[in-house]
Every structure is written in structure tokens, then in C-alpha cells.
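Below: one structure, written as C-alpha cells.
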Amino acid sequence: MDLAARADNESMGRIAIAVACVAAVLAAPQVALGSPVLAPHSCGTKCGSLDATGKGTLNINGNGAEWGSIKSGTVKVQDKSHNGHRDWSLTGCDKRFKQSGDTSITVCQANNTIYFSASTVWWLSLQGTGVSTSVVATGGVYIKGSGSYHLNGGSRKSWPSGGKFFQL
């Protein structure tokens with residue numbers, strides 16, 4: 001990939017993350033006030049939070065929002081909202097394709113930084129190095145590898161090398 005294309009990918013990734021963060025900030029007061037517009041797309045008071053950095057595998061089945069980046073590897077996303085529009089974004093892919101056997105899953109692979117975001121109801125799988133993600137959602141998580149994470153604002157824990165499932 002040439003330098004100009006890489007710069008464009010990095011710029012688009014930064015823009016995607018900034019937009020996701022702004023959307024989350026703007027939605028927070030409305031969720032707290034019980035906005036009927038956001039209620040179907042929000043986990044409301046049942047939300048959990050996860051902040052994770054490391055390398056390995058991180059899969060999340062959620063209802064809420066997730067955003068972040070991965071330095072190198074594979075990101076898979078499946079929109080499960082069935083609301084008629086795409087509620088996710090992937091930038092920085094060297095290869096992008098539909099998963100064989102399940103074309104509702106989009107696969108993004110790269111040897112450079114991939115930026116991602118997903119909202120409403122989704123499944124996201126991150127496999128690689130330099131995983132950095134933030135999640136505010138209800139749902140299930142599988143984590144395996146090395147790194148650290150915060151669950152629901154608790155103390156920082158190490159990624160389990162043998163893998164672990166838990167709920168947000």
C-alpha cells in the first residue's frame with residue numbers, strides 16, 4: 001500500500017472513531033432521560049462496559065455500541081439489528097469480503113491498522129495484535145490472549161490465555 005493510501009486509511013479511521021465517540025456522548029444524556037427514540041437501540045440502565053487492549057481473540061455479541069482499532073489481523077462484523085440499514089463501519093482493510101458459509105458476516109483483514117465501530121445489535125470478532133476496544137452494551141464476551149481489560153469500571157485484569165466467557 002502506498003503512503004498516500006495509508007494516510008487516507010488512517011485519516012478515515014480517525015474520523016470513524018471520532019464520529020462514534022461523538023454519537024456515544026450525544027446519546028448518553030438522552031438514554032439517561034429515557035429517550036423513546038434511542039430506547040430500541042440502547043441497552044439503557046442494563047449496559048455494561050468493557051475497555052480492552054492486547055493481542056489475541058476478542059468476540060462480542062452485543063446490544064449497544066463498540067468502537068476501536070486493531071493494528072494487524074482480522075475483524076469480522078455481523079449486523080443483527082434487522083433494521084434495514086448498516087450500523088457498523090470498517091476502515092483500513094487490505095482485503096474485505098463476505099464470509100463463506102454466512103454472507104451476513106463481513107470480514108476485514110489487514111497488516112495495518114483497522115478501525116471499527118458497531119451499534120444497535122451486532123457481533124464483532126477481533127483477532128490479531130494491537131487490539132484496542134471500548135464497549136458500552138449488554139451481551140456476551142469471549143476473550144483469549146494477552147493484554148488487559150476493565151469490566152464495568154472494575155480493576156484491570158489480564159486477558160486469560162486459555163479463554164473466558166462473561167456477560168457485560
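Every read-out reported here was derived from the displayed coordinates using simple, explicitly stated rules and does not represent laboratory data. Owing to the predicted nature of the structure, the values given are computational and were not obtained by experimental measurement. Neighbour counts run over all protein chains shown; Cβ positions are idealised from the backbone, glycine included.
Packing order of peptides 145-158, 114-127, 85-98, highest average first: 114-127, 85-98, 145-158 (average count of other Cβ atoms within 10 Å over each peptide's residues). Backbone geometry of the range 109-126 corresponds, through the Karplus equation with coefficients 6.51, -1.76 and 1.60 at θ = phi - 60°, to 3J(HN,Hα) couplings of 10, 6, 9, 9, 5, 10, 9, 9, 8, 8, 9, 6, 10, 7, 10, 9, 10, 10 Hz, x marking Gly and Pro. Look at the Cα gyration tensor of the range 95-135: its axes a ≥ b ≥ c give a/c of at least 1.5 with a/b at or below b/c, and that counts as oblate. Note on residue 98 and residue 157: their simple-model spin labels are 3.8 nm apart, each label 7 Å out from Cα toward Cβ.
Local charge sum around residue 150 (other residues, Cβ-Cβ under 10 Å, Lys/Arg +1, Asp/Glu -1)? That sum, taken over residues with Cβ under 10 Å, equals +1. Stokes-Einstein diffusion for the range 39-146 at 4 °C, viscosity 1.567 mPa s, with a Kirkwood radius from C-alpha pairs, works out to 95 µm²/s.
Is there a pair in 71/95; 80/164; 144/164; 76/144; 76/98; 80/144 whose C-alpha atoms are over 18 Å apart, and which pairs would that be?
80/164; 80/144
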